[in-house]
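The values are calculated or read from the model by the stated rules, or taken from the named source; none is laboratory data. Since the structure is predicted, the reported quantities are computational estimates derived from the model, not experimental observations. Note that we place each Cβ from the backbone using ideal geometry, even for glycine, and neighbour counts take in every protein chain shown.
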Amino acid sequence: MAFDDPHARAQVMDNMPPPISDIRDVIGAAEDAGRAFKRAPWWRGHGQADWPLLPKVRRPPKGQPNREQNLVLHFQAQAGTRHAKCPDRSDYVAWLFLMQHYGLATRLLDWTESILTALFFAVTEQQYDEKPGALWALNGAGLNGAQGLVPMLPVPEDGDVLPLFAAAFEDLAPTGKVVAVATHEVDLRMLIQRSAFTVHDSDTPLETLLGDYSAFLRKYDIAPKAKPRLRIQLEHLAIDTAMLFPDLDHLAADLNHRVP
């Protein structure tokens, strides 16, 4: 069933659940995805439902064809004076996770094992309150299996996966794959946010990569009018910036917001 087939597209739309309007709907989405995948999925929240599942370095405008290599090589060259424990220069996996953590545009796309964390990122930016948001659920092992890999979450150093990391630093032919990988935690924030990642060796958005994505990917829209209420409900559940970003800057911002 390919998405360029209007009948296939209509069938997918007919099977979509109604938009999320309350925290109870979020729990229902978690249960629905768990039943569909027969395992706990990863989650990603989008402030706008039409945003593609693409990492930052793959999004337009992408700049020069060699922009990705320029970014990572400049980061490597200048990070040593700013970070006490940089990886070995040849440890491409550790470098890419470090770069992603500090906000560089990389080929990694962030996911989380927590649907509430994903919801926070989907509704926290008020400038998108007039637009539908989305929660994406991913069966990482199913994604890998659909591309002919072993249906599991490999470590990044696996022989089938390491070239996807190395290609950010070296001139390697693209594989066209998007692979879900086990996480290297480089910061407490990744532990708190239950971080997970896909590595994208392709410019094609994940939701269109293989046509029918129902075996490994599900989308749950968020009603625009529900976003303010969902933010309040998340605050009641202590899902806020101070919890998800355990540093003094975010603690101060949270206190400025909450303390009268």
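Just need a number here: residues in segment 167-182 that are part of a loop (DSSP other than H, G, I, E, B) and buried (at least 19 other Cβ atoms within 10 Å of the Cβ).
Step one: list which residues in segment 167-182 are part of a loop (DSSP other than H, G, I, E, B), which gives 167-177, 182.
When the remaining residues are screened for being buried (at least 19 other Cβ atoms within 10 Å of the Cβ), the result is 167-168, 177.
Total satisfying the criteria: 3.
Please work out which residue is nearest to W111 (Cα to Cα), limiting yourself to segment 168-219 and to residues that are in contact with a Ser or Thr (Cβ under 7 Å, 6 or more places away or on another chain) and basic (K, R). Only one residue fits best here, namely R194. Scan segment 47-69 for residues that are within 23 Å of L172 (Cβ to Cβ), under 13 Å from the mean Cα position of the chain (by Cα) and surrounded by fewer than 19 Cβ atoms within 10 Å (Cβ to Cβ) and the total you get is 1. The single condition among (1) out of contact with any Ser or Thr (no Cβ under 6 Å at 6 or more places or on another chain); (2) at pLDDT 95 or above; (3) closer than 22 Å to R194 by Cα; (4) surrounded by 11 or more Cβ atoms within 10 Å (Cβ to Cβ) that L98 does not meet is (2).
If I ask for residues that are out of contact with any Lys or Arg (no Cβ under 6 Å at 6 or more places or on another chain) and farther than 30 Å from L237 by Cα, which ones from segment 99-114 would you list? Quick ask: steps written out before the conclusion?
Here is the first cut: in segment 99-114, the residues out of contact with any Lys or Arg (no Cβ under 6 Å at 6 or more places or on another chain) are 99-104, 106-110.
Listed by number, the residues that qualify are M99, L104, T106, R107.
Here is the figure for segment 32-46: residues that are touching a residue at least 60 places away in the same chain (Cβ under 8 Å), in a loop (DSSP other than H, G, I, E, B) and either surrounded by fewer than 20 Cβ atoms within 10 Å (Cβ to Cβ) or on the phi > 0 side of the Ramachandran plot (or both) total 2.
For G103, the criteria (1) in a loop (DSSP other than H, G, I, E, B); (2) farther than 21 Å from P205 by Cα; (3) not β-branched (V, I, T) hold in every case but one, which is (2). The set of residues from segment 49-71 being assigned to a helix (DSSP H, G or I) and either among the acidic types (D, E) or more than 15 Å from G103 (Cβ to Cβ) (or both) comprises R58, R67, E68, Q69, N70.
Within segment 111-123, the set of residues being closer than 12 Å to I222 by Cβ and out of contact with any helix residue (DSSP H, G or I) (no Cβ under 6 Å at 6 or more places or on another chain) comprises A118, F121, A122.
Within segment 208-260, the set of residues being out of contact with any helix residue (DSSP H, G or I) (no Cβ under 9 Å at 6 or more places or on another chain), assigned to a helix (DSSP H, G or I) and surrounded by 14 or more Cβ atoms within 10 Å (Cβ to Cβ) is empty.
Contact annotation: residue pairs with Cβ atoms under 7 Å, 6 or more positions apart or on different chains, pairing a residue in segment 87-109 that is more than 13 Å from L73 (Cα to Cα) with a partner that is of a type in the set (V, I, T) and outside any loop (DSSP other than H, G, I, E, B), are R107/V57; R107/V199; L108/V199; L109/T198.
Would you mind finding the one in L135, L143 that is touching a residue at least 12 places away in the same chain (Cβ under 8 Å), in contact with a helix residue (DSSP H, G or I) (Cβ under 6 Å, 6 or more places away or on another chain), under 19 Å from P41 (Cα atoms) and not in a loop (DSSP other than H, G, I, E, B)? If you could, list the steps in order and put the result at the bottom.
Values: L143 fails: in contact with a helix residue (DSSP H, G or I) (Cβ under 6 Å, 6 or more places away or on another chain).
Answer to the selection: L135.
Considering only segment 195-203, I want to know if a residue exists there that is modelled with pLDDT under 90 and in contact with a His (Cβ under 8 Å, 6 or more places away or on another chain). Taking every residue of segment 195-203 in turn, none turns out to be modelled with pLDDT under 90 and in contact with a His (Cβ under 8 Å, 6 or more places away or on another chain). Within segment 210-240, work out how many residues are among the hydroxyl-bearing types (S, T, Y) and either within 14 Å of D25 (Cβ to Cβ) or touching a residue at least 60 places away in the same chain (Cβ under 8 Å) (or both). Residues in segment 210-240 being among the hydroxyl-bearing types (S, T, Y) and either within 14 Å of D25 (Cβ to Cβ) or touching a residue at least 60 places away in the same chain (Cβ under 8 Å) (or both): 2 in total. Among the conditions (1) assigned to a loop (DSSP other than H, G, I, E, B); (2) among the aliphatic types (A, V, I, L, M); (3) within 30 Å of K225 (Cβ to Cβ), L116 misses just one, which is (1).
Filter segment 133-151 down to residues that are out of contact with any Leu (no Cβ under 8 Å at 6 or more places or on another chain) and either surrounded by fewer than 20 Cβ atoms within 10 Å (Cβ to Cβ) or aromatic (F, W, Y) (or both), then give me how many there are. Number of matching residues: 5.
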